[in-house]
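Laboratory data are not the source of any read-out in this text; all were calculated from the coordinates shown. Treat the numbers as computed from the prediction; the structure is a model and nothing was measured. Methodologically, a virtual Cβ is constructed for each residue, glycine included, from the backbone with ideal geometry; neighbour enumeration extends over all protein chains shown.
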Amino acid sequence: TAGLVIGGTLPLLTAIGMWWTYFDRTADRAQERLRVHDDPVLAAADAYSYMHLLIVAGIIIFAGGVKVVVHHSVGAPMPDGGRLAMCGGAALYLAGLAAFRLRILGEHSYGRLLVALALMVLFAAGGGLPAWAIGAAIAALMGALCVGEVLQTEAHGIPVDPPVQVRPASPGAERAG
């Protein structure tokens with residue numbers, strides 16, 4: 001049915017936005033940063049376990065909310081639990097990604113945190129909205145975040161894959177083999 005297509009397509013757009021926010025600029029830069037980090041083991045342990053726990057939990061919670069949408073009418077008001085799962089899951093993902101970027105890259109992610117806050121406002125204010133409107137708003141917020149990041153990167157002249165400065169090898173490193 002058309003409702004099922006809408007109910008599945010809007011969350012798919014959100015998932016694409018989640019993918020974009022992580023893999024477009026963050027993942028490769030994090031990998032490069034670990035190569036020159038003063039304590040790469042501790043940074044990787046923090047970022048790829050604790051922070052990724054939030055990222056993955058947000059994705060799973062969001063998916064639980066999508067399941068609620070698919071099993072109900074997209075024209076009816078979304079149940080509170082499903083709305084909380086979709087809005088809260090996406091917000092948790094963005095908060096986890098902001099924490100990850102801060103830990104690995106040392107960068108604040110104000111845009112991600114602002115969208116996470118907007119998602120929680122959407123949850124609180126969207127009680128009477130149909131499920132398709134909630135899904136569309138979440139997808140629009142995620143899309144706006146992606147566009148904003150691209151525009152910000154271009155405005156500041158930051159290359160998509162900025163070079164990471166490699167620290168020189170310590171004296172005697174060539175002999176230690």
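Would you mind computing Rg(Cα) / (2.2 N^0.38 Å) for the chain, counting N as its residues? Please report the intermediate quantities before stating the final value.
On the way: Rg = 19.2 Å, N = 177, 2.2 N^0.38 = 15.7 Å.
So the chain has a normalised radius of gyration of 1.22.
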For this session: Please name whichever of LEU10, GLY89, PRO130 sits farthest to the positive end of the charge dipole of the chain, dipole taken about the Cα centre and charges placed at Cβ: Lys and Arg +1, Asp and Glu -1.
Result: PRO130
Problem set entry | Choice from GLY88, GLY135, GLY111 with maximal GNM fluctuation in the chain (Cα, 10 Å cutoff) | GLY111
Problem set entry | Burial ordering of MET51, MET78, MET142, MET120, fewest other beta-carbon atoms within 10 Å first | MET120, MET51, MET142, MET78
For this session: Between HIS156, HIS52, HIS108, find the one with the highest GNM mean-square fluctuation for the chain; connect C-alpha pairs within less than 10 Å.
Result: HIS156
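If I require 20 Å or longer along the helix axis, counting alpha carbons, and a Kyte-Doolittle average no lower than 1.6, what helices from the chain are left? Use full DSSP H segments.
Working: long enough: 2-23 (31 Å, 1.29); 52-71 (29 Å, 2.08); 80-105 (36 Å, 0.96); 110-125 (22 Å, 2.07); 131-155 (36 Å, 1.37).
The qualifying helices are 52-71, 110-125.
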Problem set entry | Whole-angstrom gap from the range 32-94 to the range 95-137, using each part's C-alpha centre | 10
Exercise. With +1 on each Lys and Arg Cβ and -1 on each Asp and Glu Cβ, how big is the dipole of the chain about its Cα centre, in debye rounded to the nearest 20?
Worked result: 220
Exercise. So, in nm, how far is label SER49 from label HIS108 when the simple model puts each one 7 Å beyond its Cα toward the Cβ?
Worked result: 2.9
Problem set entry | Farthest positive-ward along the chain dipole, Cα basis, beta-carbon charges - from PHE100, ILE55, VAL150 | ILE55
